[in-house]
Amino acid sequence: MSDPSSPLVAVRDLKKYFPVKQGLFGRTFKKAVDGISFDVPEGRTLALVGESGSGKSTVGLMILDLLAPTAGQVLYGGKNVTGRRGAEWLSLRREMQVVFQDPYSSLNGRMSVREILAEGMNVHRVGSGPEERAKLAGELLERVGLPASALERYPHEFSGGQRQRIAIARALSVRPRFIVCDEPTSALDVSVQSQILNLLRRLQREERLTYLFITHNLGVVEYLADEVCVMEGGRIVERGPVDQIFDHPAEAYTRRLLSAIPTLDPERRKIRTGAEE
C-alpha cells in the first residue's frame, strides 16, 4: 500500500515531443505535452480538460505506460511507472485500467461478454477457475446495471450506453485502484451520459476508486470531478477545485470552454446521491 499522505498518482514535469519532418532533411518537434505536473489523491477525481489537440489524451497514455515520455516522471504509489518489467509491470497493469471513448471500437466484436470480462481475470489470475470467473463476470454485469443473462451475448447486440457499461465492467474485472476515463461519455446521448456518470460516481464510492477523467466538455466535469486542470497547447493553463473553476475562471480559454456548455445551472452541479444509477 502507498503512503496515505502521498498522492496515488503524481505527474512531475511531464513532456512528450513528437518529431515532425521539415523539408527534405530537417525535422522539428511538436510539443504535445510540455512540462506539466499534478497530483491525483487516492479516492478522488481529477479532470483533465481541453480542446482536441491540447495534449490531454497523450497524458493519459503516458500515465498508463502505453506511451514513453520524452522527459519527466509519472509516479504511482511513489514509484516510477516507466521502465517496470515482469511481475512489477503486470501488477501495475492490474491496478491501472482505462475506459476509452468509443464503446463501439473498444470491445472485441468476436468475443462474447463473458469472454471479454474473463480475459483480464485469466491474465491476472482473478478467481480460481472458469466457473468462478463466469460467476464474477455475471456479478460485474449486475453491478453496472446489466443482467447476468447477457454474458453469452456479443457487443453488437447492445446499445452504446450498454457497451460502455460493459467496458466499465471490464475495467473493474481485475479489481483496479486507478482508472483513466478517456472521454467515456462523448460518444453517448446526453440522457445516457448522465447515467454513466452516476454509475462511475457510485462505483468510485463503493470501491474507493481514483479517476483521471479526460474530457473536452466542462459540462460533465461538474458532475464528477473534485479538481480540474485545464490544458491548452500541451500546458496546464489553469487548475483548481471544480467550484472555483466554474465560479471564478481566471483564463479566457477556460471561460470559452465554459461558454460552450449549453446550460449551467448552479443548483444542479452535483449528482444527487438519491438519483444514482
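The values are calculated or read from the model by the stated rules, or taken from the named source; none is laboratory data. Keep in mind that this is a model prediction, so the values were computed, not measured. Backbone-built Cβ (ideal geometry, glycine too); neighbour counts: all protein chains shown.
If you go through the stretch 45-66, how many residues are part of a loop (DSSP other than H, G, I, E, B) and either of a type in the set (A, V, I, L, M) or crowded, with 19+ Cβ neighbours inside 10 Å (or both)?
6
State the number of residues belonging to the stretch 124-137 that are in contact (Cβ under 8 Å) with a residue 24 or more places away in the chain and assigned to a helix (DSSP H, G or I).
The qualifying residues number 3.
Identify all residues within the stretch 21-54 that are farther than 23 Å from R208 by Cα and of a type in the set (D, E); write none if there are none.
D34, E51 - these are the residues of the stretch 21-54 that are farther than 23 Å from R208 by Cα and of a type in the set (D, E).
Counting just the residues of the stretch 105-123 that are in a loop (DSSP other than H, G, I, E, B) and under 29 Å from V40 (Cα atoms), which one comes out nearest to the chain's Cα centre (by Cα)?
Checking each candidate, the answer is S106.
Give the residues of the stretch 74-86 that are under 19 Å from the mean Cα position of the chain (by Cα) and not small (G, A, S), sorted by residue number.
V74, L75, Y76, V81, T82
Please list, ordered by residue number, the helices (runs of 4 or more DSSP H) wholly in the stretch 144-263 having 1 or more residues that are free of Cβ contacts under 8 Å to residues at least 12 places away in the same chain.
The helices (runs of 4 or more DSSP H) meeting that bar are 190-207, 242-247, 252-259.
What do you reckon, is D34 part of a strand (DSSP E or B), at negative phi and acidic (D, E)?
It is true that D34 is part of a strand (DSSP E or B), at negative phi and acidic (D, E).
Which residue is farthest from the chain's Cα centre (by Cα), if the candidates are limited to the stretch 234-262 and must be over 27 Å from Y17 (Cα atoms) and among the acidic types (D, E)?
Going through the qualifying residues, I end up with D247.
With the requirement that a residue be farther than 15 Å from R175 by Cβ and crowded, with 20+ Cβ neighbours inside 10 Å, what does the stretch 107-137 give you?
The answer is L107, V113, I116.
Of the conditions (1) at pLDDT below 95; (2) more than 28 Å from L218 (Cβ to Cβ), S105 clears all except one; give me its number.
(2)
Would you check if P155 is more than 15 Å from the chain's Cα centre (by Cα) and at pLDDT below 95?
Yes.
Pull up the stretch 162-217, narrow it to residues that are among the aromatic types (F, W, Y) and crowded, with 22+ Cβ neighbours inside 10 Å, then point me to the one that is nearest to S57 (Cα to Cα).
If we take residues in the stretch 162-217 being among the aromatic types (F, W, Y) and crowded, with 22+ Cβ neighbours inside 10 Å, then F213 is nearest to S57 (Cα to Cα).
Mind listing whichever residues of the stretch 61-73 are within 14 Å of the chain's Cα centre (by Cα) and within 14 Å of D34 (Cα to Cα)?
Within the stretch 61-73, just M62 meets the criteria.
Scan the stretch 75-88 and give yes if some residue there is modelled with pLDDT of 90 or more, among the aromatic types (F, W, Y) and not in a loop (DSSP other than H, G, I, E, B), otherwise no.
Within the stretch 75-88, one or more residues are modelled with pLDDT of 90 or more, among the aromatic types (F, W, Y) and not in a loop (DSSP other than H, G, I, E, B).
Can you confirm whether P69 is touching a residue at least 40 places away in the same chain (Cβ under 8 Å), more than 30 Å from D189 (Cβ to Cβ) and not in a strand (DSSP E or B)?
Considered against the rule, which asks whether it is touching a residue at least 40 places away in the same chain (Cβ under 8 Å), more than 30 Å from D189 (Cβ to Cβ) and not in a strand (DSSP E or B), P69 comes out as yes.
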